[in-house]
Amino acid sequence: MSDYTAPLRDMQFLLNEFGHLQRIAALPGCEDLGSDLVDAILAEAGRFAGEVLSPLNVIGDREGARWHDGAVSTPAGWRKAYEQFVEGGWNALSCEPEFGGQGLPRLVSALVEEMWNGANVSFGLCPMLTRGAIEAIELRGSAHLKETYLPKMVSGEWTGSMNLTEPQAGSDLAAVRSRAEPQGDGTYKVFGQKIFITYGEHDLTDNIVHLVLARIPGAPEGVKGISLFVVPKFLVNPDGSLGARNDVRCVSIEHKLGIHASPTAVLAFGDQGGATGWLVGEENRGLEYMFIMMNAARFSVGIEGIGLAERAYQRALAYARDRVQGGELGVKSRDKVAIIRHPDVRRMLLSMKSRTEAMRALACEVATAMDFAQRHADAEQRQRSQAFVDLMIPVVKGWSTENAIDIASLGVQIHGGMGFIEETGAAQHLRDARITTIYEGTTGIQAADLVGRKIARDGGQAIGQLIERMRTVKAQLGAADSASLSRIGAALGQGIGALQQAVQFIVAEYDSAVAKVSVGSVPFLELFGIVAGGWQLARSALVAEQRLREGSGDTAFYQAKLHTVQFYADHQLTRANGLADTVLHGGDAALAMDDAQF
């Protein structure tokens, strides 16, 4: 069984030759961020992912997290690996220097994050949730909360969790019933139960900082009456040491399809008089603040999908190279060959490879925009960048995770019957990936957000600007003296046209026929992802073609990149027209069907 190898060459291509790092280096605070430094960070992260985290992936899957009398134990090797993770400063990579972080741009941390998820997604979930909690406290917490919790959360000495879901509420946060009663001294007593809390209890750190949604007395009904509270597992003394155990207990952990080593906790707050909590920001604005964490988490879940897709591809590729079976079609020989020589296996491998590289390239484009939105000196540029980020997060999350499931399934298929046997490891990637389309809002929720809030609400303005950027790349492909690039450009042009047609339909029909439009929201998200990924791969093809003409660099890599982009154009971009047709015409039958006829 092979271990994970970080895809450093493709990452370096995106950073250095694609131009992302040069763009980031021009931002305030990033002037000293050279390619040598970033390459060293990625290489060391790749080593840690491959040598420390990847070997624990199967152990974690087989042993799982274990609950006993309110305590949760992680699998063998987990604590030592987490200690090394903290000692290496990995938790603080993109956090603010004010609280001990390294202040690196999101572009760099996103690529490192992909490595954690590719090597061991169950492990990567813990620091991902902590970073979301850090961001919420950084942006909305009081000076007391920042000083008390951020230094040790940034270092990784303490972890964080996000507590939204309740048994009766699910994704409907308006139904949250947990309550917080003010005590008159700036604290609250929190009561309620939360479910599906990732790393809500574990043995990796001495303290866990829970961010909890709850209602104060007299709060308005619905989402407008929810507040956000910091509720630590252990109270913190004025000198920073840990005090008494807070009134929060892990009632149980879930038995899941995948990510067995990641404890998914049921937490009870206030069973013995009330858990002490502190308000984050203002009362009744908790959902607004929680979305700070959620948007960060949605992007990170998209990165999970990319990491899992890369890992499934690597395992399938290794098997296809080693597995000898059958003769080669079109060759007059009785010799048996590795199955990588079989046409359908090659199709599946390139489907996995091309989509994974498209997802990675798109995520890097969005991460770069995140850095521009945060750091750029010009306010107008920050605003434009943030609008692009807001538009694309549902796509990165929804499209990447849906792809991850399909790519992991293809990995099982390439293994044949052995893929259905746990010992090969292929099945674990499929099981682990399955949760990603549900985390932080299902694909349907991402698609509804994309269609309703990000496109219909602004009349398609933000996506219209993006389409113009795509058309610029299409024009560059058409102007190139290359039959291959022209063919890629033609496929991209058809995809852009299909996307624009779907956008026009959404803008025109959403207000008067919201249900009909919404039937096509997930197909639209897929259409958008395919075309956006094709846009990024087309840019990659332009760079690769230029490098080949110059005769410089890694010729084999650039040739492979061109083949990969051509495959994507032939097998993915060609799906755009069909998806657009579904968006335009697919709603009638779904809505006409009587409930009893299903």
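Brief remarks follow.
- Odd one out for Gly184 among (1) on the phi > 0 side of the Ramachandran plot; (2) crowded, with 21+ Cβ neighbours inside 10 Å: (2)
- Count of residues meeting criterion [free of Cβ contacts under 8 Å to residues at least 40 places away in the same chain and acidic (Asp, Glu)] in the stretch 1-43: 4
- Per-region count, the stretch 223-246, residues within 26 Å of Phe291 (Cα to Cα), outside any strand (DSSP E or B) and either out of contact with any helix residue (DSSP H, G or I) (no Cβ under 8 Å at 6 or more places or on another chain) or among the basic types (Lys, Arg) (or both): 4
- Verdict on Ser333 being farther than 27 Å from Gly411 by Cα, polar (S, T, N, Q) and out of contact with any helix residue (DSSP H, G or I) (no Cβ under 7 Å at 6 or more places or on another chain): yes
- Taken over the stretch 133-154, the residue count meeting the criterion of being surrounded by 23 or more Cβ atoms within 10 Å (Cβ to Cβ) and either without any contact (Cβ under 8 Å) to a residue 40 or more places away in the chain or of a type in the set (Gly, Ala, Ser) (or both) is 4.
- One residue from Pro151, Pro127 being assigned by TED's automatic domain parsing to the domain that holds Gly200 and part of a helix (DSSP H, G or I): Pro151
Residues are listed down the side, and each one gets a yes or a no for (1) farther than 30 Å from Val112 by Cα; (2) aliphatic (A, V, I, L, M); (3) at pLDDT 95 or above; (4) surrounded by fewer than 14 Cβ atoms within 10 Å (Cβ to Cβ):
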{"position": "Asp322", "(1), (2), (3), (4)": "no, no, yes, yes"}
{"position": "Gly326", "(1), (2), (3), (4)": "yes, no, no, yes"}
{"position": "Ser333", "(1), (2), (3), (4)": "yes, no, no, yes"}
{"position": "Arg341", "(1), (2), (3), (4)": "yes, no, yes, no"}
{"position": "Met348", "(1), (2), (3), (4)": "no, yes, yes, no"}
{"position": "Ser351", "(1), (2), (3), (4)": "no, no, yes, no"}
{"position": "Arg355", "(1), (2), (3), (4)": "no, no, yes, no"}
{"position": "Ala361", "(1), (2), (3), (4)": "no, yes, yes, no"}
{"position": "Cys364", "(1), (2), (3), (4)": "no, no, yes, no"}
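- Any hit, the stretch 494-509, residues being crowded, with 20+ Cβ neighbours inside 10 Å, of a type in the set (Phe, Trp, Tyr) and modelled with pLDDT of 95 or more: no
- Assessment of the stretch 214-228 against the conditions (closer than 25 Å to Trp67 by Cα, surrounded by 24 or more Cβ atoms within 10 Å (Cβ to Cβ) and either touching a residue at least 60 places away in the same chain (Cβ under 8 Å) or not acidic (Asp, Glu) (or both)) yields no matching residue.
- Unmet criterion (only one of (1) closer than 30 Å to Val58 by Cα; (2) not in a strand (DSSP E or B)) for Arg177: (1)
- Any hit, the stretch 288-304, residues being touching a residue at least 12 places away in the same chain (Cβ under 8 Å) and within 17 Å of Ala427 (Cα to Cα): yes
- Criterion (touching a Lys or Arg at 6+ places or on another chain (Cβ under 9 Å) and modelled with pLDDT under 95) met by exactly one of Phe13, Phe18: Phe18
- Evaluated against (1) out of contact with any Phe, Trp or Tyr (no Cβ under 9 Å at 6 or more places or on another chain); (2) hydroxyl-bearing (Ser, Thr, Tyr); (3) closer than 30 Å to Gly186 by Cα, Ser333 falls short on exactly one condition, (3).
- Residue under evaluation Gly441, criteria (1) at positive phi; (2) over 15 Å from the mean Cα position of the chain (by Cα), criterion not met: (2)
- Only one entry in Arg471, Arg453 is in contact with a helix residue (DSSP H, G or I) (Cβ under 8 Å, 6 or more places away or on another chain), basic (Lys, Arg) and either surrounded by fewer than 22 Cβ atoms within 10 Å (Cβ to Cβ) or assigned to a helix (DSSP H, G or I) (or both), namely Arg471.
- When the stretch 201-222 is filtered for residues that are part of a loop (DSSP other than H, G, I, E, B) and among the hydrophobic types (A, V, I, L, M, F, W, C), the ones remaining, listed by number, are Leu204, Ile216, Ala219.
- Counting only helices (runs of 4 or more DSSP H) that sit completely within the stretch 8-118, those holding 2 or more residues that are among the β-branched types (Val, Ile, Thr) and surrounded by 14 or more Cβ atoms within 10 Å (Cβ to Cβ) correspond to 35-48, 54-63.
- Looking only at residues of the stretch 257-291 that are within 20 Å of the chain's Cα centre (by Cα) and in a loop (DSSP other than H, G, I, E, B), we find that the one that is surrounded by the fewest Cβ atoms within 10 Å (Cβ to Cβ) is Leu257.
- The lone criterion from (1) out of contact with any Ser or Thr (no Cβ under 7 Å at 6 or more places or on another chain); (2) over 25 Å from Ile292 (Cα atoms); (3) not small (Gly, Ala, Ser) left unmet by Gln386 is number (2).
- Yes/no for Glu138 being under 23 Å from Glu440 (Cβ atoms), modelled with pLDDT of 95 or more and not assigned by TED's automatic domain parsing to the domain that holds Val280: no
Residues checked against (1) outside any helix (DSSP H, G or I); (2) crowded, with 20+ Cβ neighbours inside 10 Å; (3) in contact with a Lys or Arg (Cβ under 7 Å, 6 or more places away or on another chain); (4) not assigned by TED's automatic domain parsing to the domain that holds His260:
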{"site": "Asp371", "(1), (2), (3), (4)": "no, yes, yes, yes"}
{"site": "Gln374", "(1), (2), (3), (4)": "no, no, no, yes"}
{"site": "Gly398", "(1), (2), (3), (4)": "no, yes, no, yes"}
{"site": "Asn403", "(1), (2), (3), (4)": "no, yes, yes, yes"}
{"site": "Arg434", "(1), (2), (3), (4)": "no, no, no, yes"}
{"site": "Asp458", "(1), (2), (3), (4)": "yes, no, no, yes"}
{"site": "Gln465", "(1), (2), (3), (4)": "no, no, no, yes"}
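This table checks each residue for (1) surrounded by fewer than 24 Cβ atoms within 10 Å (Cβ to Cβ); (2) more than 19 Å from Val451 (Cβ to Cβ).
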residue	(1), (2)
Gly551	yes, yes
Tyr558	yes, yes
His563	yes, yes
Gln566	yes, yes
Thr574	yes, yes
Val583	no, no
Gly586	yes, no
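- Here Gly478 does not qualify as within 22 Å of Glu365 (Cα to Cα), without any contact (Cβ under 8 Å) to a residue 40 or more places away in the chain, in the same structural domain as Tyr568 (by TED's automatic domain parsing) and in a helix (DSSP H, G or I).
- Residues being touching a Lys or Arg at 6+ places or on another chain (Cβ under 7 Å), in a helix (DSSP H, G or I) and of a type in the set (Phe, Trp, Tyr) are entirely absent from the stretch 519-541.
The values are calculated or read from the model by the stated rules, or taken from the named source; none is laboratory data. Predicted model, so just to flag it, every value in this text is computed and none were measured. Note that we place each Cβ from the backbone using ideal geometry, even for glycine, and neighbour counts take in every protein chain shown.
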